[in-house]
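Engineer: I have a structure here, written as structure tokens, and I will follow up with some questions on it.
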Amino acid sequence: MNRLRKMQLKKFVCRPAALSAAFLLAAAILVGVFWLVAAPKQTFSENENRVLEPTPVPTLDTVLNGRFMKSAENYVGDHFPLRNTFVTLNTAEQLLLGKRDLAANYGSTPAEGGVYFGKNDHIYEVLLPDKTGIFQKNAEALAEFAEKSGLRLTILPVPSGSQEQPENLPYSVPNHDQHQELEELEQAVGGKAKVVDLFSILSLKTGRDYYFKTDHHWNTEGAYVGYRALADAMDFDSLPQSAFIYQAVPQPFYGTLYSKAVNTWQKPDTLVLPHAKEKSAVTQVTGKITHQGIYWDQYLNSKDKYSVYLGGNPSVTVVKNPEAKGGKLLLIKDSFANSMIPYLSQNFSEIHMIDLRYYNLDIYKYIQQNGIDQAAAIYSIKQLCDVSIANKLSR
């Protein structure tokens, strides 16, 4: 009897603590619900560089097929209080558990590798072999374009930072060798176009770091090295680096690789913009809009600071320099070419840039209508493995 009384007394003594815990839990739930309903919401995460889930609206169809619950789950995850702190903690937890390939999506087509945290504050994209055949089709399409356009085509395939700096990668991690794509491109093109090999001159073994630490692009020095290599291949005179003033942007730069695995301990990059010492009347024409110069300073106050070059990636844009002695260059490209334009704009009177990811017209008619006399293609090798441009070059 005494034992039963003691158990009841103990249960009674514990009751206030249980009530307090229940009260705190209920209060936390109410605060979370209030936050999700009433607090101002972001539509875009600059740190992660992606659109956040909008407020889900239930309909009979979405409730029955489960899309509403999925959307509601994503909405809660995207707008949870202190979300950025929890995202950082998730990155740290995965690293502490020994995971090295972060933010991968092997279920997508093509499969998308994540990122490695390497030495010297570098984040590197994980490279995968092309199992879709996209690269081979793109290589054959570039060869066809070189043959049918009637222009001398020079192709500049840019290797990734993880390809050029394997000594900075975590020990023994798998990483695809992009020499395979270079060889496939050279075989597909044959003598129809010139392919520039950048592998040795962008290597970390040169003693220089030509890539951003938090972004997949090459940095200003890497773009200059690419410019010199393109000039040699196309037989025009490149300007020395002494012909430019290099201005470091005061705002810290966190690029696309940082966005895949957000963390608070990452040191930012410094974005450096080259300006020609000799003043020139360079303009950028996109549709009916004419922009003075090639830099769009408003992007320096946003997360996407790389869009300071050309304002991003318009489907067609023309950079004009009436003082340059070169002719009209057609440049089919991805965003790696953007940071080379400060240099190239000093050599060509017109650079017609076409991003085939967004361009849907006849490129051969464009060449005829605009009097193009030479052509180059600047693409990252990874981009040529991931995105098909072949149908845009067919005739």
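Readers should treat all values here as calculations from the given coordinates under stated rules, not as data from a laboratory. It should be emphasised that the depicted structure is a prediction, and the values quoted were computed from it without experimental measurement. Don't worry about glycine lacking a Cβ; one is built from the backbone with ideal geometry, like all the others, and counts go over all protein chains shown.
Engineer: Explain nothing, just the number: relative contact order of the stretch 159-264, from Cα pairs under 8 Å at least 6 residues apart, as a whole percent.
Structural biologist: About 24 percent, as a whole number.
Engineer: Roughly what would the spin-label model give for LYS279 and TYR246, points 7 Å off Cα along C-beta, in nm?
Structural biologist: 2.5
Engineer: About its Cα centre, what dipole magnitude does the stretch 203-257 give when the only charges are +1 on Lys and Arg Cβ and -1 on Asp and Glu Cβ, stated in debye to the nearest 20?
Structural biologist: It comes to approximately 220 debye.
Engineer: For a test of the definition: using alpha carbon positions, the gyration tensor, and the 1.5 limit on a/c, classify the stretch 148-271 as rounded, prolate or oblate.
Structural biologist: oblate
Engineer: Expressed as a whole number of Å, what is the distance separating the alpha-carbon centroids of the stretch 328-395 and the stretch 129-153?
Structural biologist: 13
Engineer: Given a cut-off of 32 Å, name the pairs among LYS192/LYS260; LYS205/LYS320; LYS328/LYS382 whose C-alpha atoms lie farther apart than that in the structure shown.
Structural biologist: Correct reply: LYS192/LYS260; LYS205/LYS320.
Engineer: Okay, moving on. Charges at C-beta only: +1 for Lys and Arg, -1 for Asp and Glu. How large is the resulting dipole of the stretch 296-357 about its Cα centre, in Debye rounded to 20?
Structural biologist: Dipole size: approximately 80 debye.
Engineer: A follow-up question, please. For the stretch 114-205, just say rounded, prolate or oblate: build the C-alpha gyration tensor, square-root its eigenvalues into a ≥ b ≥ c, call rounded for a/c under 1.5, and beyond that prolate if a/b exceeds b/c, oblate if not.
Structural biologist: Taking the square roots of the gyration eigenvalues as a ≥ b ≥ c, the stretch 114-205 is prolate.
Engineer: Place the peptides 213-219, 375-381 in order of packing, highest mean first, counting for every residue the other Cβ atoms within 10 Å and averaging per peptide.
Structural biologist: So the peptides 213-219, 375-381, ranked by packing, come out 375-381, 213-219.
Engineer: Now a separate question. Which of the peptides 116-126, 189-199 is most tightly packed, and how do the rest follow, going by the mean number of other Cβ atoms within 10 Å of each residue?
Structural biologist: Order by mean packing, descending: 116-126, 189-199.
Engineer: Using a/c under 1.5 as the rounded threshold, could you call the stretch 292-394 rounded, prolate or oblate? The axes a ≥ b ≥ c are square roots of the C-alpha gyration tensor eigenvalues, and prolate needs a/b larger than b/c, oblate otherwise.
Structural biologist: Here the stretch 292-394 falls in the oblate category.
Engineer: So how much slack lies between TRP265 and ASP237, counting 0.36 nm per residue of separation and subtracting their Cα-Cα distance, in nm?
Structural biologist: Additional length available on full extension: 5.8 nm.
Engineer: Something else: According to a simple spin-label model (label point 7 Å from Cα along Cα-to-Cβ), what is the distance in nm between GLN368 and ASP304?
Structural biologist: About 3.5 nm separates the two model spin labels.
Engineer: Hey, another quick one. Rank THR286, LEU169, TYR211 by how far each Cα sits towards the positive end of the charge dipole of the stretch 159-290 (+1 on Lys, Arg Cβ; -1 on Asp, Glu Cβ) and give me just the farthest.
Structural biologist: Of the candidates, THR286 comes out farthest on the positive side.
Engineer: Along the charge dipole of the stretch 101-183, Cβ charges K/R +1 and D/E -1, which of PRO159, ALA103, ASN138 sits furthest on the positive end?
Structural biologist: ASN138
Engineer: So, one more: Note down the nm distance, to one decimal, between modelled labels 7 Å out along Cα→Cβ at VAL173 and at GLU186.
Structural biologist: 2.8
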